[in-house]
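Participant: If you scroll down you'll find the structure; I have some questions about it.
The values are calculated or read from the model by the stated rules, or taken from the named source; none is laboratory data. In this text the structure is predicted, and so the values were computed from the model without any measurement. When we count neighbours, we look across all protein chains shown, and the Cβ atoms used for this are built from the backbone with ideal geometry, even at glycine. All accessible areas refer to the heavy atoms of the entire protein, side chains included, with ligands and DNA or RNA removed. Shrake-Rupley method; radii C 1.70, N 1.55, O 1.52, S 1.80 Å.
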Amino acid sequence: MIKSLLLTFLLSLGLSIHGTSQEKFTVSGYVQDASNGENLIGATVYIKEIESGAVTNFYGFYSVTLSPGTYNFEFRYLGFDGLSLEITLNQNKRLDLELIPEGTELEEIIIEAEPEDINVSGVQMSTNKLDIQSIQKLPSFFGEVDVLKSIQTLPGVTTVGEGTTGFNVRGGGVGQNLVLLDEAPVYNSSHLLGFFSVFNPDAVKDIKLIKGGIPARYGGRIASILDIRMKEGNSKKFTAQGGVGSIFSRLAVEGPIKKDKASFIVAARRSYVDVFAKAFTDVLSDGAALNFYDVTLKTNYDINANNRIFLSGYFGRDNFKFDERQGFNWGNTTTTLRWNHLYNDRLFSNLTLFYSNYDYELAFGEDDLDKFNWNSEIDTYDLKQEFTYFINPNNELSFGADILLYNFEPANAIGVSNGESRDISIPEKKALESSAYISNDQTIGDRVTIQYGLRFSNFMYLGKGQYFEFDQPEPGIRRRVTDTFEADKFEVIKNYANLEPRASIKYQLPTNSSLKASYNRTAQYIHLVSNTTASNPLDIWTPSTNNITPQTGQQWALGYFRNFGANNSIETSIETYYKNTTNQIDYIDGADILINEFLEGDLLSGKGRAYGLEFFAKKNGGRINGWVSYTIARTELQVDGINNNQWYPTRFDQLHNLKIAAFYETPGRWSFAANFSLISGTPTTFPTSRFQVQDYTIPLNFFNSRNNIRIPAFHRLDISATLQGRKMKRGKTRKNENYWVFGVYNVYARRNPFSIYFAQVDERPIGGNPIETQATRVSIIGTLLPSISYNFKF
């Protein structure tokens with residue numbers, strides 16, 4: 001299979017290059033937002049004469065190579081007026097241009113904007129792109145706009161309940177999603193134990209979720225890619241925007257350092273639950289705290305027409321302090337430096353260097369004689385070089401390589417008892433991951449477009465330190481250490497390598513519709529270790545070792561895409577997928593994952609499968625718009641030593657998942673929104689029998705089953721109303737904008753179960769009578785939550 005793929009790739013590439021041997025000229029440049037200078041990602045460049053064109057890349061760059069002649073170019077981007085130009089090609093042309101947001105009156109040659117049909121005409125499938133304007137309309141928890149909550153309204157995306165960290169995509173675990181902020185990985189994407197995300201919406205420009213047909217440039221995770229790109233900053237004028245809400249306030253400032261050459265953006269948020277609470281209770285006295293904050297910043301500079309540099313960063317932290325000495329905190333830090341360079345009209349390159357850190361700290365003890373301190377972290381350093389070569393309108397070649405260095409510190413832990421200190425730290429671990437890829441987007445005739453590529457990845461588990469070998473008892477039993485070895489610094493303890501082919505194909509049908517299919521194989525070398533109901537900030541990241549093998553996944557997907565209505569304003573799609581995975585981590589009963597030097601002995605490895613059908617319909621434009629998504633799916637694991645070696649549903653398996661997002665804009669200043677969710681209950685493990693010892697009841701899972709029952713279904717309705725500020729003041733148009741958002745979360749006060757547990761009643765049992773037990777439902781949000789927020793921009 002791999003040899004055939006390589007042969008096909010090289011043959012197609014050779015034919016493509018051969019087809020460009022005659023004299024041709026190139027039109028290339030950047031497409032930007034005329035109001036602020038931001039590059040437009042995914043803008044379409046359409047040439048009428050060839051009924052084809054190009055799409056701008058992540059940096060707004062495009063390149064089209066054509067035979068000499070006169071052509072009519074159309075530049076389009078959803079929410080912007082289109083631009084039409086007649087261009088005579090008798091030499092290479094550099095054409096940088098700006099598109100005007102709809103409703104802005106500027107003296108330009110414009111055509112009526114056409115809705116984007118990239119969902120039908122593009123080869124990419126299993127991909128959702130949300131604009132920040134749609135996200136801001138959605139009703140949200142305490143009225144605060146949230147990126148992660150918005151993607152959970154899309155098909156194939158789930159979560160195990162309210163107040164949980166992360167999300168699940170097509171049967172993948174939370175740790176199997178690669179979350180990128182300006183290309184740097186974010187290892188914990190939530191604030192306040194999952195109620196808010198770490199991404200400040202005022203600093204976000206583009207959000208893309210890739211669930212299948214993953215392009216070859218991405219690697220390192222087997223479930224999905226969430227690629228979030230930050231704003232560059234307004235290069236035209238200084239602006240500020242922000243808001244004051246029930247939970248936190250935010251402020252973003254952006255503007256030119258040098259007009260049209262360099263710009264910046266700084267955005268910050270801070271919650272103040274603890275500040276207000278101190279006025280009503282003394283629970284948060286004596287140094288106690290309950291808050292989070294984050295700062296997002298970015299700057300860029302156009303050195304010249306062929307060179308541009310970007311520097312961006314993020315720092316955020318959550319604090320839960322019981323008093324001045326005790327509590328825990330966690331946070332992310334990322335820094336990304338990028339250099340865009342044009343070697344010529346058709347060869348674009350990007351060099352990226354990033355650093356990412358996630359850490360958490362715990363502290364307990366009332367004084368220095370009796371205390372416990374523990375901190376853990378993961379550091380990632382990456383150097384990546386990528387190229388895009390625009391061969392011709394029918395072929396776009398991408399290739400690149402990167403190298404990542406990981407440093408894991410599972411536990412730096414010191415306990416003090418009666419003044420006697422004991423260090424129970426676990427030594428750090430290091431690993432080196434490298435990869436290279438090549439991919440081509442190719443159009444064949446009028447109807448067929450294919451994207452094919454190959455990624456090679458290599459992973460080395462490195463010294464210095466001890467590593468262990470374990471015995472192989474009956475599956476499900478804790479493994480014991482049989483031998484211990486010492487490794488020198490940067491000595492390769494274990495090496496893994498994987499070939500990861502990727503392929504997608506689109507067949508264009510005549511009625512604004514298309515058929516698409518995709519296949520991808522992916523490998524994941526680092527693992528999130530968590531045996532709790534939902535992921536939490538204290539989960540552990542660990543590398544593949546001589547005892548933990550890399551996870552791999554293969555996914556096949558097939559879909560039908562069609563647009564309806566006036567100007568194709570209604571998008572619809574039906575996709576089905578099947579995915580199998582290997583080396584999935586699970587745990588023996590009673591596994592000890594915290595500060596356990598021999599953690600690998602408590603881990604089990606198995607295989608997984610996920611399959612489902614996704615429906616999606618979205619209406620763009622008009623006073624009434626929104627989307628509906630429905631997914632019917634299964635996610636299962638088979639691990640020797642669990643569930644009698646039979647297949648069992650994962651904790652995040654949900655058969656039915658229905659999401660509805662609806663928006664209505666009145667002719668006046670008011671607009672309204674609603675969001676409804678109906679989701680099957682998630683699996684959990686209940687005892688199947690019990691026995692009594694004296695006056696105590698002891699539950700027993702007699703059949704050793706895993707996830708043998710489901711909790712009740714989840715459903716919730718949220719609503720919001722937005723009141724825009726007046727646009728005119730004393731007969732003049734106001735320069736500033738402001739609006740109020742009034743919302744109700746969980747309108748009918750549904751007590752959605754997060755978990756259910758059993759306990760013996762408190763009353764003393766009466767002799768001769770059976771002991772009474774009761775089931776208790778745990779709900780994170782058990783009532784309706786009204787909210788109000790004020791937002792502004794000037």
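Participant: Please arrange 125, 460 by accessible surface area, largest first, computed with a 1.4 Å probe and ligands excluded.
Facilitator: Output order, biggest surface exposure first: 460, 125.
Participant: Still on this model: For the stretch 389-503, what relative contact order do you get, as a whole percent, if you take Cα pairs closer than 8 Å and at least 6 residues apart?
Facilitator: Dividing the mean separation by the residue count of the stretch 389-503 yields 23 percent.
Participant: May I pose another question? Using only the Cα atoms of the stretch 127-227, construct the convex hull and provide its projected area averaged over every direction, in square nanometres to one decimal.
Facilitator: Result: 6.1 nm².
Participant: For residue 131, tell me the accessible area in Å² from a 1.4 Å probe, rounded to the nearest 10.
Facilitator: Surface open to solvent at residue 131 totals about 50 Å².
Participant: Under a straight-distance cross-link criterion of Cα-Cα below 17 Å, which aspartates and glutamates are reachable from residue 237, leaving out those fewer than 8 residues away in the same chain?
Facilitator: Counting by Cα, and skipping residues close in sequence, residue 237 has these aspartates and glutamates nearby: 33, 38, 98, 202, 254, 260, 302, 737.
Participant: Run the paramagnetic zone check for residue 740: 7 angstrom along Cα to Cβ, then residues of the stretch 658-677 with backbone nitrogen under 20 Å.
Facilitator: Output list for this probe position: 664-674.
Participant: Pop a pseudo-label 7 angstrom from the Cα along the beta-carbon direction at both residue 774 and residue 383 and give the gap in nm to one decimal.
Facilitator: So the label points at residue 774 and residue 383 sit 6.4 nm apart.
Participant: Can you give me the Cα centroid spacing of the stretch 666-745 and the stretch 612-637 in angstrom?
Facilitator: Comparing the Cα centres of the stretch 666-745 and the stretch 612-637, I get a distance of 17 Å.
Participant: Taking the chain as the reference, fit the longest principal axis to its C-alpha atoms, fit the long axis of helix 2-18 to the helix C-alpha atoms, and give the angle between the two in degrees, 0 to 90, nearest 10.
Facilitator: 20
Participant: Any idea what the dipole of the stretch 127-227 comes to, in debye rounded to 20, about its Cα centre with Lys/Arg Cβ at +1 and Asp/Glu Cβ at -1?
Facilitator: With only Lys, Arg, Asp and Glu charged at Cβ, the dipole is about 380 debye.
Participant: Something else about it: Describe numerically, in nm with one decimal, the distance between label points set 7 Å from Cα along Cα→Cβ at residue 728 and at residue 495.
Facilitator: Computed distance between label sites residue 728 and residue 495 equals 7.5 nm.
Participant: How many angstrom separate the Cα center of the stretch 417-446 from the Cα center of the stretch 330-392?
Facilitator: Comparing the Cα centres of the stretch 417-446 and the stretch 330-392, I get a distance of 11 Å.
Participant: Still on this structure, please answer the following. Between residue 311 and residue 690, what is the label-to-label distance in nm when each label sits 7 Å out along the Cα-to-Cβ direction?
Facilitator: Result: 6.4 nm between the two label points.
Participant: So, one more: With every protein chain kept in the model, how would you rank 642, 756 by accessible area, 1.4 Å probe, largest at the top?
Facilitator: So, going from the largest accessible area down, we get 756, 642.
Participant: While we're looking at this one, here's another question. Figure the gain on full extension for residue 102 and residue 762 (residue separation times 0.36 nm, minus the Cα-Cα span) and round it to one decimal in nm.
Facilitator: Computed gain between residue 102 and residue 762 is 231.0 nm.
Participant: Next question, about the same structure. Under a Cβ-Cβ cut-off of 14 Å, what is the net charge of the residues other than residue 396 that fall near it, where Lys and Arg count +1 and Asp and Glu count -1?
Facilitator: Once positives and negatives cancel, what remains is -1.
Participant: Same structure, new question: Please state the relative contact order of the chain as a whole percent: Cα pairs under 8 Å, 6+ residues apart?
Facilitator: With pairs under 8 Å counted, the relative contact order is 10 percent.
Participant: Need the full-extension length gain, residue 592 to residue 238, defined as separation in residues times 0.36 nm minus the C-alpha distance. One decimal, nm.
Facilitator: 122.1 nm
Participant: Compute the length gained on full extension between residue 698 and residue 286: take 0.36 nm times their separation in residues and subtract their Cα-Cα distance, giving the result in nm to one decimal.
Facilitator: Here the answer is 144.3 nm.
Participant: In the stretch 368-389, whose amide N lies under 20 Å from the spot 7 Å out along Cα-to-Cβ of residue 420? List them in ranges.
Facilitator: 368-373
Participant: Count of lysine pairs in the stretch 387-520 with Cα atoms under 13 Å apart, counting only pairs 8 or more residues apart in sequence or on different chains?
Facilitator: Summing the qualifying lysine pairs gives 9.
Participant: Loop-only check: which trypsin sites (Lys or Arg not before Pro) in the stretch 325-379 are DSSP coil with at most 10 other Cβ within 10 angstrom?
Facilitator: none
Participant: When the accessible area of the stretch 452-565 is computed with all protein chains present and a 1.4 Å probe, what percentage of it is carbon and sulfur?
Facilitator: 53
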